[in-house]
1. Could you check the range 151-161 and list, in sequence order, the residues that are in contact with a Phe, Trp or Tyr (Cβ under 9 Å, 6 or more places away or on another chain) and either open to solvent by 20 Å² or more (accessible area, probe 1.4 Å) or more than 30 Å from H32 (Cβ to Cβ) (or both)?
2. Of everything in the range 11-43 that's in contact with a Lys or Arg (Cβ under 6 Å, 6 or more places away or on another chain) and open to solvent by 40 Å² or more (accessible area, probe 1.4 Å), which residue is nearest to Q186 (Cα to Cα)?
3. So which residues in the range 1-41 are outside any helix (DSSP H, G or I) and of a type in the set (D, E, K, R), if there are any at all?
4. Of everything in the range 106-128 that's among the polar types (S, T, N, Q) and part of a loop (DSSP other than H, G, I, E, B), which residue is least open to solvent (accessible area, probe 1.4 Å)?
5. What are the pairs, 6+ residues apart or on separate chains, where a residue within the range 209-221 that is on the phi > 0 side of the Ramachandran plot and open to solvent by less than 10 Å² (accessible area, probe 1.4 Å) has its Cβ under 6 Å from a residue that is in a loop (DSSP other than H, G, I, E, B) and modelled with pLDDT of 95 or more?
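The values are calculated or read from the model by the stated rules, or taken from the named source; none is laboratory data. Predicted model only: the values in this text are computed from it and were never measured. With ideal geometry, Cβ positions are generated from the backbone for all residues, glycine too; neighbour counts draw on all protein chains shown. Areas reflect the complete protein model, heavy atoms only, side chains present, ligands, DNA and RNA absent. Shrake-Rupley method; radii C 1.70, N 1.55, O 1.52, S 1.80 Å.
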Amino acid sequence: MIHLLPEITTLNITLNRNALCGLNILHLSDLHFNQKTTDRYVENLLAKCHSIPYDFIVITGDIIDTNPNKIIYQLQLLNKLQNVYYISGNHDIFYGLSKLKKLLNNFTFLDNQIEKFVFKNKEIYLLGLADRFSKFFHIPREVDTLLELAKGKENIIFLAHQPKDYQIALQANASLFLCGHTHGGQIFPFHYLVKLVQPYLSGLHYKKKMAIYVNSGLGTWGVHHRFKAPSEITLLKLS
């Protein structure tokens, strides 16, 4: 676990939907909480998130990296964040998604779901897709259902764990696709291996008229180290 939190980065994203202009989204991903995650680390994360104004938070998967029963207090602390939407990552599914959902009862779980809210008198839609890993645990990944829910709607923000799901976001006519999973490569030169299986490594990209943001995440996997792939908390300012 990397115990030093990064400073919050602000990124301006230009979209093709005026209805989304002015929306501020705090984007977290790949927290990878485990038994080495200290209370102080979580409290510092909460303080950072509370230090800036945002409209809502999205967490694009991999909140946990251990059985959630072993980090109940840390997850209860995290549950103090307000206006949070999240989707599953492969680690969440492997270690216990159902228990995680029960503990994060202040968050809105978006796997295969659509959530509508009004921003500046305009309807905005958040769509979330279950991770590709879900099929190995017989958990539904309802792509067709989600696309049907998106039909005829505008101002869509699409959440998935892996960058390769950007193609589904395009089919849903999303204006913005948010994801994580890659850790930005975590340790150079493993960046090149990640690029063999994912179309985007990190940062902001555009495909057709859709903006794509790949968050490099906060935590680590395998070894508790990053090199040329810094962790991040990012405030996305839409314009």
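1. Within the range 151-161, K153, E154, N155 qualify.
2. Q35
3. Listed by number, the residues that qualify are E7, R17, D30, K36.
4. Filtering first and then ranking leaves N112.
5. Filtered contacts from the range 209-221: G217/S29; G217/D30; G217/G180.
Okay, residues lined up against (1) at pLDDT 95 or above; (2) out of contact with any helix residue (DSSP H, G or I) (no Cβ under 7 Å at 6 or more places or on another chain):
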residue: F158; (1), (2): yes, no
residue: Q162; (1), (2): yes, no
residue: K195; (1), (2): no, yes
residue: L204; (1), (2): yes, yes
